[in-house]
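Taken together, the values in this text are just the output of simple stated rules run on the coordinates, not laboratory data. The structure presented is a predicted model; accordingly, all values stated were derived computationally and were not measured. As a convention, Cβ positions derive from the backbone with ideal geometry for all residues, glycine included, and neighbour counts pool all protein chains shown.
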Amino acid sequence: MLNKATKLSPYFLSQDKEYVVQIKLGMVTDTWDVSGRMIAQKENPSCALSEIEKNIALLKGTQYQTPPMYSAIKYKGRPLYAYAREGKTVPVKKRKITIYDIELLQYTASMISLSLVCSSGTYIRWVAHILGQRLGCGAAVKMLTRTRIGNHSLANAVCSADIDRTAKESVIGLEEALPEAGTIMVYEQYEKRILNGHWVSMEMIDAEKSCMHTPEPGAMIYVRGQDQKLLAIHKIEQKTGAGISKPMVIMD
């Protein structure tokens with residue numbers, strides 16, 4: 001993300017994600033990936049394909065996940081990994097996550113590859129760890145690739161080194177970054193207030209020219225003037241005295 005678009009980072013990071021993960025069977029580490037300290041190892045895991053498929057299917061759906069100790073989640077102001085490096089264990093609150101889809105891509109006696117679509121906050125290392133527990137052989141992430149976040153796919157990504165050379169063809173403008181966002185059209189007398197960073201209130205909205213469903217709090221919305229010019233990108237909030245949406249990005 002470049003320039004003003006960086007202000008939308010929290011929104012994009014909160015969207016659903018898609019991954020391809022390679023999982024090593026027959027090992028347990030303290031980090032739940034192959035880079036960690038070995039805790040247990042099984043030379044010949046020999047997990048039956050039918051058992052793997054059954055347990056993969058059980059991972060689909062909404063559940064509560066225990067994040068790994070080697071993570072940036074904080075406990076009493078310190079990241080969990082700081083405690084883990086000191087050999088300490090602290091209470092880790094379970095988090096609600098959803099795995100919308102999960103598919104076995106490849107299988108060998110000691111390695112499997114999965115593709116999965118999940119909600120934000122899902123630790124793929126947990127997926128590997130819990131799968132290894134249920135199979136009784138242990139498992140750890142060997143390689144992980146995020147292939148999609150929201151509507152943005154790795155297939156359309158550009159290497160940072162090539163951005164200057166391919167900017168015109170590859171960089172997505174703010175007006176195309178949120179294809180799912182609706183539009184609020186404000187009356188002309190309020191356009192300057194939007195450009196000055198004001199919230200949108202109901203009396204500002206030209207309802208006949210606006211195009212949006214009833215958005216939920218947290219949804220992003222384009223705010224435009226009467227000439228269709230993009231004035232700002234706002235985030236819908238619970239209705240307050242300040243208005244119904246607050247500015248995230250203000251255009252020049």
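Answer with one residue from V20, Q228, M38: the one whose Cα lies farthest towards the positive end of the charge dipole of the chain, charges on Cβ with Lys, Arg +1 and Asp, Glu -1. Positive-end residue among those listed: M38. The C-alpha atoms of the chain occupy a region whose extents along the principal axes are 72, 43, 34 Å, arranged from largest to smallest. With all projection directions averaged, the alpha carbon convex hull of the stretch 17-149 covers 7.7 nm². Can you tally the net charge around N151? Count Lys and Arg as +1, Asp and Glu as -1, for every other residue whose Cβ sits under 12 Å from the Cβ of N151. Charge balance near N151 sits at -2. Applying Stokes-Einstein at 4 °C and 1.567 mPa s to the Kirkwood radius of the stretch 174-250, computed over alpha-carbon pairs, gives a translational diffusion coefficient of 107 µm² s⁻¹. Rounded to the nearest Å, what's the spacing between the alpha carbon centres of the stretch 74-143 and the stretch 178-199? Just the number, please. That distance is 41 Å. Mean residue ellipticity at 222 nm, helices only, the chain: -5000 deg cm²/dmol; runs of at least 4 DSSP H residues each add -39,500 (n - 2.57), and the sum is divided by the number of residues. A Cβ-based charge dipole, computed about the Cα centre of the chain with Lys and Arg at +1 and Asp and Glu at -1, lands at about 1260 debye. Over all directions, the projected convex hull of the C-alpha atoms in the stretch 72-185 averages 12.5 nm² in area. Antiparallel beta bridges, as assigned by DSSP with both residues in the chain, represent about 90 percent of the total such bridges.
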